[in-house]
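J.: Sharing a structure, written as structure tokens. Questions coming.
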Amino acid sequence: MLDISTWFNDLLAGNTIFTADTLGYYWEGLVTTTQLVFLSLVAGLILAVPLAIMRSSKHKWISLPVYLYTYIFRGTPLLIQLYIIYYGVVFVDGIQESFLWPVLREAFYPALIAFTLNTAAYTTEIFRGAIKSTAQGEIEAARAYGMSQNLMMRRIILPSAFRRALPAYGNEVIFMLHASAIASVVTLMDLTGAARFVYARYYAPFEAFLFVAAIYLCLTFAILFFFRYLEKKLLAHLRPQDA
């Protein structure tokens, strides 16, 4: 381990910008970005499934509130949503005296809330479209077997909708990765925040931001290949069969 550390320090010895310290900032930013994007996507997915079912309801009193929520969060910039949650939470009466304040005063959690609500709105509409496009034959076959609406939703409609939603949801994951770059405006040291720090310290905009762009590009390709693999496995039955 000592030999590797020595070799790494020797490799960076002639570099005035990408030193062990600045790479440490990039690593910290990578960890923060990964945590923020992963947690917001998981929480957003958990919220989106019941919201998509409600959005698909024929009853207006069920679907309309979800429609208004998705309309607002998809129709306004994520940056504005982040500002409202990050700066606005301070003005909620009693929040600074509540048990939530030690959590909400940290920039990570308001950013997580904003990202979660935003991706949940987009994912809800993705899944709603996938639910609506369920083949009528599948529904009629489930009814012929005597399935209830809840059982049919759980065993037939949702699994089928998840498979159809994969390509669009993969795009949403990539969008959230790219959108996470705005987290640095609320003092989070994410990847973009690390690049801004390196730029401010060394006045090297090309090196600082091109390096972080390369990291984002690698993450994007990793996500792309992961969803391509899932599509290949889960949508194999849709590929044309050899004669």
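J.: Free of Cβ contacts under 8 Å to residues at least 12 places away in the same chain and over 15 Å from LEU30 (Cβ atoms) - does that describe any residue in the range 174-185?
T.: no
J.: Do we find that ILE84 is surrounded by 11 or more Cβ atoms within 10 Å (Cβ to Cβ), modelled with pLDDT under 95 and more than 19 Å from ILE131 (Cα to Cα) in this structure?
T.: yes
J.: Return the residues of the range 137-168 that are open to solvent by 30 Å² or more (accessible area, probe 1.4 Å) and within 30 Å of VAL212 (Cβ to Cβ); say none if nothing qualifies.
T.: PRO167, ALA168
J.: Condition first: assigned to a helix (DSSP H, G or I) and either surrounded by 13 or more Cβ atoms within 10 Å (Cβ to Cβ) or not charged (D, E, K, R) (or both). Now tell me which residues in the range 87-101 satisfy that.
T.: Listed by number, the residues that qualify are TYR87, GLY88, VAL89, VAL90, PHE91, ILE95, GLN96, TRP101.
J.: So, of the residues in the range 49-76 that are small (Gly, Ala, Ser) and out of contact with any Phe, Trp or Tyr (no Cβ under 6 Å at 6 or more places or on another chain), which turns out to be most open to solvent (accessible area, probe 1.4 Å)?
T.: GLY75
J.: Can you say whether THR124 is part of a loop (DSSP other than H, G, I, E, B), β-branched (Val, Ile, Thr) and either out of contact with any Cys (no Cβ under 6 Å at 6 or more places or on another chain) or open to solvent by less than 50 Å² (accessible area, probe 1.4 Å) (or both), as far as the supplied structure shows?
T.: The answer is no for THR124.
J.: Inside the range 102-116, can you point out the residues that are part of a helix (DSSP H, G or I) and open to solvent by less than 50 Å² (accessible area, probe 1.4 Å)?
T.: Within the range 102-116, LEU104, PHE108, PRO110, ALA111, LEU112, ALA114, PHE115, THR116 qualify.
J.: What are the residues in the range 175-220 that are of a type in the set (D, E, K, R) and surrounded by 15 or more Cβ atoms within 10 Å (Cβ to Cβ), if any?
T.: ASP190, ARG196, GLU207
The values are calculated or read from the model by the stated rules, or taken from the named source; none is laboratory data. In this text the structure is predicted, and so the values were computed from the model without any measurement. Methodologically, a virtual Cβ is constructed for each residue, glycine included, from the backbone with ideal geometry; neighbour enumeration extends over all protein chains shown. Side chains included, ligands, DNA and RNA excluded: accessible areas come from the protein's heavy atoms. Shrake-Rupley method; radii C 1.70, N 1.55, O 1.52, S 1.80 Å.
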